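Asker: Questions regarding the structure given below will be posed in turn.
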Protein chains: 2
Amino acid sequence: MKVLITGIDGYSGWPLALHLLGRGHEVAGIDNFVTRRRVREVGSWSATPIPTFARRQAVVRDLLGKEIGFHRGDLGRFDFVRHVLEVERPDAIVHLAEQRSAPYSMIDVHHAVATQVDNLTGTLHLLYAMRETAPQAHLVKMGTMGEYGTPNVDIPEGFFEIEYRGRKDQLPFPRQAGSWYHWSKVFDSGDVMFASKIWQLKATDVMQGVIYGIRTPEITDDRLLTRFDFDETWGTALNRFIAQAVLGLPITPYGRGGQRRGFIALEDSMQSLRLAVENPPDRGEYRVFNQFDAAYSINELAELAARIAIEIGLHPTIEHPPDPRIEAEEHYYQPLHDNLVGLGYRRTRELPDVTREIFRDLLRFRRRLEARRHVVQPTVQWASPDSRPALRARLPPRAPHPPENPDAPAGAHSPA
Amino acid sequence: MKVLITGIDGYSGWPLALHLLGRGHEVAGIDNFVTRRRVREVGSWSATPIPTFARRQAVVRDLLGKEIGFHRGDLGRFDFVRHVLEVERPDAIVHLAEQRSAPYSMIDVHHAVATQVDNLTGTLHLLYAMRETAPQAHLVKMGTMGEYGTPNVDIPEGFFEIEYRGRKDQLPFPRQAGSWYHWSKVFDSGDVMFASKIWQLKATDVMQGVIYGIRTPEITDDRLLTRFDFDETWGTALNRFIAQAVLGLPITPYGRGGQRRGFIALEDSMQSLRLAVENPPDRGEYRVFNQFDAAYSINELAELAARIAIEIGLHPTIEHPPDPRIEAEEHYYQPLHDNLVGLGYRRTRELPDVTREIFRDLLRFRRRLEARRHVVQPTVQWASPDSRPALRARLPPRAPHPPENPDAPAGAHSPA
């Protein structure tokens, strides 16, 4: 199959490209490298050193003898999107090219708008370009389990049959997202569902659980590593907990830590996306996969990280700062996830094993963590309309400006 | 109360301003006049001649001795929105400033994106500006009954209690919108609900039924008339049916005509919005009103328009063109609407009376309809990704270009 990956330079996009190549598929990708820029914007970087994309292509050529087609550009430009689809004629499009950080979307009004507008526009452009140039292609759209929030009932895969006031219907399960970012994924789900209906497109909407891990079997060389974020804005809770333990900072589950979420190993998420790609739905079918493997509470993750830190000789502590998010800190959580199992999904990695693996890699790259240790603790507050001052305050001081001399002519500086 | 109306120059915004002034409230408004431009874009205009906004203000000053504050500008500019809220310090904001046409949103990819991006950005900017400058204000947000689609169960007001797999919860009622425009309102509902939660804002989300009518008691002079659209893109089904009868065109209920929707008279919609404004919710409360008076099928509207046309000596015919929308043409439809009744809502106008009133006004402005008779019949197709050629084809031919003379030097034209 020919698979086009939007966001191929990202945390999931890159290992997915390697995984699909390994399975004999042809792979092409799109990226505008905005995640690299936005991680720099909040003062952070990837714990793993990652090569430029041109270098990544060259390494794949050298090590695997394979080519990855690449189109640098922005899904915000419709002509570009249509052009890429015309050139590549993909059988499947895995759409990962979205702003993916909840805290980033909550920084201030401009980050909120950019998140929702960019995500929504990219998806609409892809849908229209598919309708015009590739109506037989299958869209695998990356959403999030966070679209559902934490209802007090089981969470089905997208749709549920209900009885209400004596009548029955099969309806989309209600969404109650917890950040502007999570809402942007809800909006995408609406648009993809609607486009599938009016244009008879094939679509799989992936309610992705939180992914953990750095490695997949295809990452056989450090030059093939994917990015790994550990700062408060871009890193997941588990990533931050491990980074905190490595850096000797307290591990910080927010609030009471009873927040439960669905999780899946990077390798098993790649397995899942590949299963979706290799088993497309019919035309006009919009299906939803709850793509996670098991649910854990934030406290369970913190305790696991602490236990493994102790195993390897570190001295972790756990603190509970106030939750910067507005969310239930204790709640029912029981999402279903049968669709992928029906396609042959089997768990290949266990959370403790992967956590040990992450510790090993972060210890190797400890100097990169040390250089950014100030970006791990939380500053973005859901209740605040502007977290930029807090974000700026934690960045290391720049070289001080020379004191101004009021007697000097405009534009001149006295020597420092 | 001080009420800020965004979209004050529009079909609902203008009569709402007059109604609130009549009830002793202070009124200020925002508009960028984009609806006037977009109606011209599709080759149409308002059946009623409408003055410039400056003229509207002057007429209100002359006839009523009242001032309407006005800020010309775009909700897409956050600094502008925040500035207006700082200056006006409103008790309530009635947010009507959105692209409101489903067919307009379905013209092509650019109209789809503009609709969703503009509507979503304006609402986000308002929410952030409220949080920063007017957190005690009450947002009355114009949504649409079309957010719900046509489920096979009763439609509650925003939320419903369900039992699923043995557990219960109160959840948002699922949304199944039928156009990019309707989805944009779903997205707004998500953002307003979330902002109310994280910032303790007061919000009323109005699931507005289709409004019919030209007049309210406050429109005592032709210079106070509101706009009235009758073209396929901007006019409602009833508006188009009456215009078709006046123009001697066939009345065209789409498809089988069994599509049922909720409707409300313009005057009663203004009553409803005023009741919402005068009875704000508590801080942190997000409430939903299904704001319609009665449900009718498209066939019932067509037959009503035809019956009244015959009463007044016209010779209407009814035709059923294929439905350009992708929607159920026969379906269950039973939305609840008790919240406004609980605040004192009472129906003051009956559909047949208002329909007669619209006929009288459109006959008075018949020459304006005649001049735009080519824009009433449908061209925008839901199944097509680009309806611009069809839209262009129905516009009256411009003066023909002179034939090109291949022998003439570049830039020269032979005489026609």
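Quick note: the coordinates plus some simple rules give every number you see, no bench work behind them. A quick note: this is a predicted structure, and the numbers were derived from the prediction, not measured. When we count neighbours, we look across all protein chains shown, and the Cβ atoms used for this are built from the backbone with ideal geometry, even at glycine.
Asker: What residue among A:171, A:266, A:126 has the largest mean-square fluctuation in a Gaussian network model of chain A, using Cα springs under 10 Å?
Answerer: A:171
Asker: If you don't mind, there's one more thing I want to ask. Sort out for me the Cα centre separation of the range B:157-221 from the range A:66-99, rounded to whole Å.
Answerer: Centre-to-centre distance over Cα atoms comes out at 35 Å.
Asker: So what J values fall out for the range B:343-358 if you push phi through Karplus, 6.51 cos²θ - 1.76 cosθ + 1.60 with θ = phi - 60°, rounded to Hz, Gly and Pro as x?
Answerer: 8, x, 4, 9, 5, 10, 10, 9, 3, x, 4, 5, 4, 4, 5, 5
Asker: A follow-up question, please. Please report B:45, A:183, A:234 as a ranked list, fewest other C-beta atoms within 10 angstrom at the top and most at the bottom.
Answerer: Listing B:45, A:183, A:234 from fewest to most nearby Cβ atoms yields B:45, A:234, A:183.
Asker: Taking the Cα centre of the range A:4-53 as the origin, how large is its charge dipole in debye, to the nearest 20, when only Lys and Arg (+1) and Asp and Glu (-1) carry charge on their Cβ atoms?
Answerer: In debye, rounded to 20, the range A:4-53 gives about 140.
Asker: Counting Lys +1, Arg +1, Asp -1, Glu -1, what net charge surrounds residue B:306 among other residues with beta carbon under 14 Å of its beta carbon?
Answerer: Neighbour charge sum, excluding residue B:306 itself: -1.
Asker: To the nearest whole number, what is the average tally of beta carbon atoms from other chains within 10 Å of the beta carbons of peptide A:126-138?
Answerer: 2
Asker: What are the ³J(HN,Hα) values, in whole Hz, obtained from phi via the Karplus relation 6.51 cos²θ - 1.76 cosθ + 1.60 with θ = phi - 60°, for each residue of the range A:248-257 in sequence order, with x given for Gly and Pro?
Answerer: Here the 3J(HN,Hα) series is x, 8, x, 6, 10, x, 6, x, 6, x Hz.
Asker: Starting from the range B:335-393, pick out the GluC sites (Glu not before Pro) whose DSSP state is loop and whose Cβ has at most 14 other Cβ atoms within 10 Å.
Answerer: B:350
Asker: Within a Cβ distance under 14 Å of residue A:83, other residues only, what is the Lys/Arg minus Asp/Glu net charge?
Answerer: Here the count lands on -1.
Asker: What does the net charge come to around residue B:96 if you take all other residues with beta carbon closer than 10 Å to its beta carbon, with K and R at +1 and D and E at -1?
Answerer: Computed value for this residue: -1.
Asker: Have a look at B:65, B:146, B:344 and tell me which one the Gaussian network model of chain B (Cα, springs below 10 Å) gives the largest fluctuation.
Answerer: Greatest mean-square fluctuation among the candidates belongs to B:65.
Asker: Which value, in debye to the nearest 20, gives the size of the charge dipole of the protein assembly as shown about its Cα centre, when Lys and Arg are +1 and Asp and Glu are -1 at the Cβ?
Answerer: Computed about the Cα centre, the dipole is about 1080 debye.
Asker: Here is a follow-up. Mind jotting down the three principal axis lengths of the range A:2-394 based on Cα atoms? Whole angstrom, largest first.
Answerer: 63, 56, 41
Asker: Report the label-to-label distance for residue A:33 and residue A:2 in nanometres (one decimal), using points 7 Å from each Cα along the Cα→Cβ vector.
Answerer: Distance between label points: 2.7 nm.
Asker: Give the Cα extents of the range A:151-285 along the principal axes, in whole Å, largest first.
Answerer: 58, 39, 22
Asker: Now a separate question. Only helical DSSP H runs with n ≥ 4 go in: add -39500 (n - 2.57) per run for chain B, normalise by residue count and round the 222 nm mean residue ellipticity to 500 deg cm²/dmol.
Answerer: -11500 deg cm²/dmol
Asker: Taking 0.36 nm per residue of sequence separation and subtracting the Cα-Cα distance, how much length would be gained by fully extending the chain between residue B:79 and residue B:366, in nm to one decimal?
Answerer: Stretched out fully, the residue B:79 to residue B:366 stretch lengthens by 99.0 nm.
Asker: Return the sequence-ordered ³J(HN,Hα) values of the range B:359-368 in whole Hz as given by the Karplus equation 6.51 cos²θ - 1.76 cosθ + 1.60 applied to θ = phi - 60°, using x for Gly and Pro.
Answerer: These are the phi-based 3J(HN,Hα) values: 3, 4, 5, 5, 5, 4, 9, 3, 5, 5 Hz.
Asker: Which residue, chosen from A:83, A:225, B:208, occupies the Cα position most advanced towards the positive end of the dipole of the protein assembly as shown, where the dipole is computed from +1 (Lys, Arg) and -1 (Asp, Glu) charges on Cβ about the Cα centre?
Answerer: A:83
Asker: Follow-up. At 0.36 nm per residue, and after removing the present C-alpha to C-alpha distance, how many nm does the segment from residue A:314 to residue A:23 gain when stretched out fully?
Answerer: Result for the pair: 100.8 nm of gain on full extension.
Asker: Using a simple charge model, +1 on the beta-carbon of Lys and Arg, -1 on the beta-carbon of Asp and Glu, nothing else, what dipole does chain B show about its Cα centre, in debye to the nearest 20?
Answerer: 700
Asker: Select from A:255, A:69, A:178 the residue whose mean-square fluctuation is largest in a Gaussian network model of chain A (Cα-Cα springs shorter than 10 Å).
Answerer: Maximum among the listed residues: A:69.
Asker: Give me the count of lysine pairs in chain A whose alpha carbons sit under 16 angstrom apart, restricted to pairs 8 or more positions apart or on different chains.
Answerer: Total qualifying Lys-Lys pairs in chain A comes to 5.
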